[in-house]
Amino acid sequence: MKIKTICCIGAGYVGGPTMAVIAQQCSHIKVTVVDLNASRIAAWNDADLNKLPVFEPGLDKVVGEARGRNLFFSTDVDQAIDEADMIFISVNTPTKTYGKGKGMAADLKYIELCARQIASVSKSNKIVVEKSTLPVRTASAIKNILDHTGNGVEFQILSNPEFLAEGTAIEDLLSPDRVLIGGDTSDKGQEAIQALVDVYANWVPKERILTTNVWSSELSKLTANAFLAQRVSSINSISALCEKTGADVNEVAKAIGLDSRIGSKFLKSSVGFGGSCFQKDILNLVYIAKTYGLNEVADYWEQVIIMNDYQKNRFSNNIVSTLYNTVSGKKITFLGWAFKKDTNDTRESAAIQVADNLLNEQAHIEVYDPKVSEERMYADLDYLNTRTEAENRALLKVLKDPYQACKESHAIAVLTEWDEFKTYDWQRIYNNMLKPAFVFDGRGILDTKALEKIGFVCYSIGKGSK
Ligand code: UDX
Ligand code: UDX
Ligand code: ADP
């Protein structure tokens, strides 16, 4: 079967960039991305490519090339489903905030709604592809819904987890380490797998396209994210020990990373990992393990999250204790709010927790982030429900100029590793701050030696005191 029409339900951080690249690489396939959120679709269709709802380096160029040719963004979900040979489900699967599995399990209501809509609209056979990260065995739930339409339409369900990282999405999509496709072991299942392999084979070398059964594919996605997050928590746990002993976490990371069995990537100690995937996927893994009575397995992985929470709290506690045990009424400047550089995404960003902790200590925070909007920051804080919306707006201000944000501040905290922070005129910043002028580098990106020469008092994650 040769795929001519693709529909993707969900125009978010995953669906948007992934479909843009498929369309760019496969000009013979018509790709339509649909979403219920009309303003999001309008932004994807904006003539000004700087206004796309997702900021990703290189995305504007890819969208500019394919949009209107064979890439379309629309709110007409039914029509796109009806036309498609292959439907990707790329909707959000947040952690449940209610009922059974609250705070742990993935909320599959958006996925189920999609499945029901596909079932009710489809008049011809379709291949349905899970793109969202899902608990193992979700495919069989989707299949159950789809197999009961009673109108003779046949569905094949594939699992095709996305491994792109935000900030490098386009690069990751154009040359992935691997593409993983899981499907049914029956002949029809294998045919469906082949159809999707043929789509990727337009630009991905064949040896990097891996096929497995559905469950291995689903579980691999959760496992990959759990392992990555575990590396960050592991090095962060060591950062705390470095600070006590006088070791330097960067030196330790380098020394262990040179062991080819360990490898050098993902060993950057930080104020804590964020992003929409790591925490959610681990909680998911923990929940699944508990469901099967595997309590030791659940406890093992839960520790990765516990260490991450510890790291975020350790950072804010350190700010308070360094500033003579009180930040009440003091101005603290945040450089960065996004969960990592080169993205406007803030989901689970360490900055949110650190801000919340400092606001509880009655600090005044002024934030500068090159890409995150003011509304987004307030929404992140309001979501925690720690204080009223009015209080959040009174205590935290968002500035468009970093120098202004640092003016008359007691301390600067670096929460995101944006490159531009390294190039600032730090002498000018120092001159306008209250003294002693503190810098808390939660990302280890600043040249603390140079800053100390200017007169700053510096703290850098994982560096033992001299
Ligand atoms: C280890 C370190 O590898 C070495 O760098 C250090 O100097 C001493 O400790 P060693 O204990 O000799 O070396 O053997 P190693 O190959 O690391 O295996 C340790 C144990 O882990 C063995 O029981 C091995 O069977 C087990 N193992 C290793 C696994 O179960 N799975 C693996 O993937 C790797
Ligand atoms: C992650 C996975 O990398 C990706 O494969 C999967 O598809 C989705 O989840 P993402 O969350 O976009 O991608 O970004 P990633 O680069 O993995 O960073 C996650 C968090 O870990 C960020 O907050 C980052 O700052 C932090 N991190 C990462 C560290 O603190 N240290 C590191 O060494 C690496
Ligand atoms: P991700 O990071 O997984 O891409 P996002 O939240 O950025 O997650 O994007 C998911 C998108 O899916 C949102 O824009 C949301 O409006 C959309 N969505 C959720 N449910 C449906 C649905 N039933 N039909 C169409 N779009 C949906």
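Test Ile111 against the criterion of being within 13 Å of ligand 3 (Cβ to nearest atom) and in contact (Cβ under 8 Å) with a residue 12 or more places away in the chain, and give yes or no. Taking the combined requirement at face value, the residue satisfies it. Of all residue pairs spaced 6 or more apart or on separate chains, those with beta-carbon atoms under 8 Å, a first member in segment 20-44 that is over 18 Å from Phe55 (Cα atoms) and open to solvent by 60 Å² or more (accessible area, probe 1.4 Å) and a second member that is part of a loop (DSSP other than H, G, I, E, B) and of a type in the set (D, E, K, R) are Ser27/Arg69; His28/Lys4; Lys30/Lys4. Here segment 441-455 is the region considered, the condition is being in a loop (DSSP other than H, G, I, E, B) and under 22 Å from the mean Cα position of the chain (by Cα), and the residue that is nearest to ligand 2 (Cβ to nearest atom) is Arg443.
Taking the conditions (1) closer than 24 Å to Ser159 by Cα; (2) over 25 Å from the mean Cα position of the chain (by Cα); (3) open to solvent by 10 Å² or more (accessible area, probe 1.4 Å) in turn, Ala47 satisfies each one other than (1).
If the requirement is being on the phi < 0 side of the Ramachandran plot, at pLDDT 95 or above, surrounded by 14 or more Cβ atoms within 10 Å (Cβ to Cβ) and in contact with a Ser or Thr (Cβ under 7 Å, 6 or more places away or on another chain), which of these qualifies: Tyr430, Tyr459?
Details: Tyr430 fails: in contact with a Ser or Thr (Cβ under 7 Å, 6 or more places away or on another chain).
Sole residue among the options that is on the phi < 0 side of the Ramachandran plot, at pLDDT 95 or above, surrounded by 14 or more Cβ atoms within 10 Å (Cβ to Cβ) and in contact with a Ser or Thr (Cβ under 7 Å, 6 or more places away or on another chain): Tyr459.
Quick check on segment 307-327: of everything there that is more than 16 Å from Phe273 (Cβ to Cβ) and open to solvent by 50 Å² or more (accessible area, probe 1.4 Å), which residue is nearest to ligand 3 (Cβ to nearest atom)? Looking at the filtered set, the residue picked out is Asn317.
Taking first residues from segment 1-17 that are free of Cβ contacts under 8 Å to residues at least 60 places away in the same chain and partners that are in a helix (DSSP H, G or I) and not aliphatic (A, V, I, L, M), the Cβ contacts under 9 Å between residues at least 6 apart in sequence or on separate chains come to Gly16/Arg40; Gly16/Trp44. Which members of segment 328-345 meet the condition of being surrounded by fewer than 24 Cβ atoms within 10 Å (Cβ to Cβ) and more than 16 Å from ligand 3 (Cβ to nearest atom)? Across segment 328-345, the qualifying residues are Ser328, Gly329, Lys330, Lys331, Lys341.
Only residues that are surrounded by fewer than 17 Cβ atoms within 10 Å (Cβ to Cβ) and touching a residue at least 40 places away in the same chain (Cβ under 8 Å) were counted across segment 399-427, and they come to 3.
If you go through segment 224-273 and pick out every residue that is in a helix (DSSP H, G or I), open to solvent by less than 50 Å² (accessible area, probe 1.4 Å) and either among the charged types (D, E, K, R) or within 12 Å of ligand 2 (Cβ to nearest atom) (or both), you end up with 14. One residue is enough: does segment 55-69 have a residue meeting the conditions closer than 26 Å to Lys280 by Cα, within 16 Å of ligand 3 (Cβ to nearest atom) and either open to solvent by 70 Å² or more (accessible area, probe 1.4 Å) or part of a loop (DSSP other than H, G, I, E, B) (or both)? Among the residues of segment 55-69, at least one is closer than 26 Å to Lys280 by Cα, within 16 Å of ligand 3 (Cβ to nearest atom) and either open to solvent by 70 Å² or more (accessible area, probe 1.4 Å) or part of a loop (DSSP other than H, G, I, E, B) (or both), which makes the answer yes. Scan segment 346-370 for residues that are open to solvent by less than 10 Å² (accessible area, probe 1.4 Å), in contact with a Gly (Cβ under 7 Å, 6 or more places away or on another chain) and within 16 Å of ligand 3 (Cβ to nearest atom) and the total you get is 1.
The residue of segment 213-256 that is nearest to the chain's Cα centre (by Cα), among those that are over 25 Å from Ala192 (Cα atoms) and of a type in the set (D, E, K, R), is Arg231. In segment 343-370, the residues that are within 16 Å of ligand 2 (Cβ to nearest atom) reach residues that are among the β-branched types (Val, Ile, Thr) with C-beta atoms within less than 6 angstrom, at least six apart or across chains, in these pairs: Asn344/Val372; Thr346/Val372; Ala350/Val271; Ala355/Ile365. Taking the criterion of being out of contact with any helix residue (DSSP H, G or I) (no Cβ under 8 Å at 6 or more places or on another chain), closer than 22 Å to Glu417 by Cα and touching a residue at least 24 places away in the same chain (Cβ under 8 Å), the only residue of segment 244-274 that qualifies is Asn250.
Can you find even one residue in segment 284-297 that is within 16 Å of ligand 3 (Cβ to nearest atom), closer than 22 Å to Lys96 by Cβ and crowded, with 18+ Cβ neighbours inside 10 Å? Among the residues of segment 284-297, at least one is within 16 Å of ligand 3 (Cβ to nearest atom), closer than 22 Å to Lys96 by Cβ and crowded, with 18+ Cβ neighbours inside 10 Å, which makes the answer yes. In segment 420-440, the count of residues that are within 16 Å of ligand 2 (Cβ to nearest atom) and either among the polar types (S, T, N, Q) or farther than 26 Å from Lys268 by Cβ (or both) is zero.
The values are calculated or read from the model by the stated rules, or taken from the named source; none is laboratory data. Since the structure is predicted, the reported quantities are computational estimates derived from the model, not experimental observations. Ideal geometry is used to build each Cβ from the backbone, glycine not excepted, and the neighbour counts take in all protein chains shown. Side chains are part of the model used for accessible areas, which takes the heavy atoms of the whole protein and leaves out ligands, DNA and RNA. Shrake-Rupley method; radii C 1.70, N 1.55, O 1.52, S 1.80 Å.
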